[in-house]
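The values are calculated or read from the model by the stated rules, or taken from the named source; none is laboratory data. What you see is a predicted model; the values in this text were computed from it and never measured. Every residue, glycine among them, receives a Cβ derived from its backbone with ideal geometry; neighbour counts consider all protein chains shown. Heavy atoms of the whole protein, side chains included, go into the accessibility calculation; ligands, DNA and RNA do not. Shrake-Rupley method; radii C 1.70, N 1.55, O 1.52, S 1.80 Å.
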Amino acid sequence: MNMHDLTTVENFNEADVLHKIKLAEEFKKGKKVQLKRPVYAMNLFFENSTRTHTSFEMAEQRLGMKMLEFEVQTSSVSKGETLLDTVKTIDAIRTDVAVIRHPQNDYYEPILDENLDISIVNAGDGSGQHPSQSLLDMMTIYEEFGRFAGLKVAITGDIAHSRVARSNAMLLNKLGAQVYFAGPEEWMAEDLADYGTYRPIDELVDQVDVMMLLRIQKERIQDRDNLRMEVQDYLTNYGLTKQRAERMQPHAIIMHPAPVNRGIEIESKLVECQRSRIFKQMTNGMYMRMAILTDVLNAKNLVMGA
């Protein structure tokens with residue numbers, strides 16, 4: 001597929017995913033690329049981020065790209081400039097890639113409609129899509145099991161507000177995995193009903209190969225959506241406790257896109273336990289983002305020997 005931009009996983013197929021995983025694993029083993037000329041990237045993050053932002057920065061550095069600084073507070077956005085005009089501005093000065101995180105779902109659609117030279121890499125749009133997180137999650141699962149078909153994966157927590165849940169449910173279905181959702185029924189998303197089945201977490205912990213936990217998206221939850229319960233009750237009712245983890249199959253793994261609210265969606269000691277792959281996900285994220293950016297630069301004919 002043409003990788004001039006990467007904004008959603010909706011059009012990905014199994015070959016696309018396996019290609020990305022293979023390329024990321026090559027980077028993990030020391031693969032280097034040489035660029036045909038200086039390549040410029042700008043990371044525009046309109047929402048707070050540690051993992052995704054620094055992971056893209058490290059990926060860009062390792063690929064030899066040059067980064068242009070962008071701070072929302074000191075940019076013309078604070079004067080009322082639209083996102084589209086901001087992107088058109090950095091396109092006009094011949095920036096090659098814009099990595100963007102924005103609270104608005106599908107923010108990238110009017111940008112893509114302009115057919116700009118600059119490539120757009122979506123680092124998360126509202127509760128819509130998070131392609132790079134989804135691909136690094138697929139890489140982590142594939143490294144563990146060597147397959148997707150037939151695997152049982154539980155995505156549990158704040159489903160309705162999670163772009164990770166949407167992207168992962170879409171991809172896992174394409175790859176032949178069986179997806180289940182768990183968590184508060186009030187936070188189940190109707191648009192995801194086609195991708196998986198809702199079950200209480202206690203019905204899933206001893207059945208699944210992957211227990212994928214989600215953070216409560218406090219920044220996206222309106223008052224009307226709030227559960228009538230204390231936060232400390234969340235772990236007991238919906239989270240992964242030590243007792244639930246002990247019921248998991250011997251080969252089953254724990255995943256979480258992070259940041260982790262320890263003691264809420266997962267008991268703190270489980271974050272670093274033997275079956276946890278949470279920090280491995282972060283390592284894989286850097287290599288997967290190198291793969292994503294390399295495919296984008298390949299599409300622009302900017303990689304030597306590609």
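Polar (S, T, N, Q), modelled with pLDDT under 95 and not in a loop (DSSP other than H, G, I, E, B): does that describe Asn237? Considered against the rule, which asks whether it is polar (S, T, N, Q), modelled with pLDDT under 95 and not in a loop (DSSP other than H, G, I, E, B), Asn237 comes out as yes. Across region 92-115, the number of residues qualifying as crowded, with 18+ Cβ neighbours inside 10 Å and not in a strand (DSSP E or B) comes to 5. Looking at region 290-301, is at least one residue part of a loop (DSSP other than H, G, I, E, B) and buried (at least 19 other Cβ atoms within 10 Å of the Cβ)? Scanning region 290-301, I find no residue that is part of a loop (DSSP other than H, G, I, E, B) and buried (at least 19 other Cβ atoms within 10 Å of the Cβ), so the answer is no. Only a single criterion out of (1) over 19 Å from Thr52 (Cα atoms); (2) outside any loop (DSSP other than H, G, I, E, B) is not satisfied by Gly124, namely (1).
Conditions (1) over 23 Å from the mean Cα position of the chain (by Cα); (2) under 25 Å from Ala149 (Cβ atoms); (3) at pLDDT 90 or above, marked per residue:
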position	(1), (2), (3)
Met211	no, yes, yes
Glu219	no, no, no
Thr241	yes, no, yes
His251	yes, yes, yes
Lys280	no, yes, yes
Thr283	no, no, yes
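If you take the residues in region 123-143 that are closer than 19 Å to Leu192 by Cβ and among the polar types (S, T, N, Q), which one is farthest from the chain's Cα centre (by Cα)? Ranking the candidates gives Ser127 first. Among the numbered conditions (1) under 18 Å from the mean Cα position of the chain (by Cα); (2) within 29 Å of Arg215 (Cα to Cα), the only one that Met3 does not meet is (2). Listed by first and then second residue, the pairs linking a residue in region 269-295 that is over 30 Å from Lys66 (Cα atoms) and touching a residue at least 40 places away in the same chain (Cβ under 8 Å) to a residue that is part of a helix (DSSP H, G or I) and of a type outside the set (Gly, Ala, Ser), with Cβ atoms under 8 Å apart and 6 or more places separating them unless they lie on different chains, are Arg277/Thr140; Arg277/Glu144.
Among the residues of region 262-275, the ones that are in a loop (DSSP other than H, G, I, E, B) and open to solvent by 40 Å² or more (accessible area, probe 1.4 Å) come to 4 in all.
Quick check on region 173-191: of everything there that is under 26 Å from Arg262 (Cβ atoms) and in a helix (DSSP H, G or I), which residue is nearest to the chain's Cα centre (by Cα)? Among those residues, the one meeting the criterion is Trp187. The set of residues from region 140-178 being over 18 Å from Gln281 (Cβ atoms), touching a strand residue (DSSP E or B) at 6+ places or on another chain (Cβ under 7 Å) and crowded, with 21+ Cβ neighbours inside 10 Å comprises just one member, Ile159. Of the residues screened, Val33 is not one that is of a type in the set (Val, Ile, Thr), within 15 Å of the chain's Cα centre (by Cα), within 25 Å of Gln281 (Cβ to Cβ) and open to solvent by less than 70 Å² (accessible area, probe 1.4 Å). Against the definition (in contact (Cβ under 8 Å) with a residue 12 or more places away in the chain, touching a Leu at 6+ places or on another chain (Cβ under 6 Å) and part of a helix (DSSP H, G or I)), how does Ala169 come out, yes or no? It is true that Ala169 is in contact (Cβ under 8 Å) with a residue 12 or more places away in the chain, touching a Leu at 6+ places or on another chain (Cβ under 6 Å) and part of a helix (DSSP H, G or I). Is it true that some residue in region 127-140 is of a type outside the set (Ser, Thr, Tyr), touching a residue at least 60 places away in the same chain (Cβ under 8 Å), more than 19 Å from Ser49 (Cα to Cα) and out of contact with any helix residue (DSSP H, G or I) (no Cβ under 6 Å at 6 or more places or on another chain)? No; the residues of region 127-140 include none that is of a type outside the set (Ser, Thr, Tyr), touching a residue at least 60 places away in the same chain (Cβ under 8 Å), more than 19 Å from Ser49 (Cα to Cα) and out of contact with any helix residue (DSSP H, G or I) (no Cβ under 6 Å at 6 or more places or on another chain).
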